[in-house]
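Have a look at the structure below, then the notes.
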Amino acid sequence: MAKTYLQFPQNAVANSATLKGAELSPPHSFAAGSASSPVVKADQVYFELSNLCNFKCDFCPLPGSKRAGQHMELSLFQKGVDEIAEAKIAPGIGFHILGEPLLSPILVPALKHASSRGLRADITTNGSLLLRNVEKLIEANPTKLAISVQSSSEKDHKSRGTSIGFRAYYDGIIEAVRRIKQSSCTTELRLSLMNTYTRKFFSLDRQPGINQTGAEYAERFATTIHDVYSAIGRRTSLDQIRAALRKINLNESKTVWIADKIAMQVVLFGDWGNAFTTQEIYPAKVGYCGYALNRVGVLSNGDVTLCCVDYDGGTTLGNLKTESLVSILTSEKARAVRDGFRRFRVVHPYCQKCLGGRNRRMALLKGLLGIYLFKLRRHPLQPKSTQLVL
């Protein structure tokens, strides 16, 4: 690696991909924030309650993660949440990065603590443990429960790396949805299906096991909606649903509301920052990312990262066990990254890899696309939202 002006973590580019020709820009000075007025206000802070998972999905980087498996301690979580609430860093938190949050022994008390501090609390789960924990979740009443169904096909389910059969898995999710809907809790439910047409845009050593695009994806989307409707007692024909979906573009990230507090989510396949290739990756030097320092990650060991896509701590800015969240997010390392993106310069080697490509032209195009989406078009971090009109 060439010159380095900032002391970023040594594992900043520790990944299966090789980063070529990365160089950092000189640091810039910023006025430090205070606990009452931090320099950074994030959209959301993600807490990884556990990086252990009962699935090994081939579209997830967890099987290749180099971190030791562990659960987050409740006291550490409470420290982070208290500071987020007191310093007004973000309006809410999410339980996501790697791992399955329903495996964490602190999930319910963590939800209750976040609620007591007036914060939104969103869970992302693979859904396999949903039915056995549904009563606890109803009582804890999270703001949002995102269920990563990803595919309603038994064939594609094999890519999830689990011994749980598809029928038991899928039917358990639908039954949990029915129970939650019949309860008095106010949790928003979102069932995600992955559209894999975007995989052609990424450098992949092998294709993911899930393969659903075009008409096939639309059909699976429709049948899942029909199954949800049947579970909650809403009589709607499959043909009606198909006709309604033809008016909706399912090739973009989107939330499709199908009932009160129930939505289907179009999730586009992504590569987690070139995580699924061993090819040389040319670093992006020019670009912009709306997720860095806006979707902050707190890993199960307390490491605070630039964003929730950093699954192995390559952008670690500090550790919550020994530092405050405000001091970490206003540190020299964080300010240099923030200032770089303000000038459309990608300064952190991990970000350079994440936004990079298999050749210089691709790296430049991806960087320019980031500027176009996040700055020129003001591309929202949240997916577009629409209503299924039957």
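The values are calculated or read from the model by the stated rules, or taken from the named source; none is laboratory data. Just so you know, these numbers come straight off a predicted model, no measurement behind them. Each accessible area value is taken on the protein alone, full model and side chains, heavy atoms only, with ligands, DNA and RNA left out. Shrake-Rupley method; radii C 1.70, N 1.55, O 1.52, S 1.80 Å.
Listing for the model above:
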| read-out | value |
| --- | --- |
| Among (i) 1.39; (ii) 1.01; (iii) 0.96, the entry that matches Rg/Rh (Cα atoms, Kirkwood Rh) as calculated here | (iii) |
| The chain - percent relative contact order, Cα under 8 Å, separation 6 or more | 23 |
| Partners for Lys285 among lysines (Cα-Cα distance below 24 Å; same-chain residues under 8 apart left out) | Lys3, Lys20, Lys200, Lys333, Lys353, Lys366, Lys375 |
| Order of exposure, largest accessible area first, which applies to Met362, Met264 with probe 1.4 Å | Met362, Met264 |
| Accessible area (Å², per residue) of the chain, counting only protein heavy atoms and a probe of 1.4 Å | 43 |
| Area of Leu388 that stays accessible when all protein chains are in place (1.4 Å probe, Å², to 10) | 10 |
| Share of carbon and sulfur in the accessible heavy-atom surface of the chain [1.4 Å probe, %] | 51 |
| Members of Lys261/Lys384; Lys112/Lys321; Lys112/Lys144; Lys155/Lys254; Lys56/Lys155; Lys144/Lys321 lying beyond 23 Å, as alpha-carbon distances in this model show | Lys155/Lys254; Lys144/Lys321 |
| GNM top mover of Gly290, Gly367, Gly214 - the chain, alpha-carbon springs below 10 Å | Gly214 |
| Mean ellipticity per residue at 222 nm, deg cm²/dmol - from DSSP H runs of n ≥ 4 across the chain, formula -39500 (n - 2.57) | -8500 deg cm²/dmol |
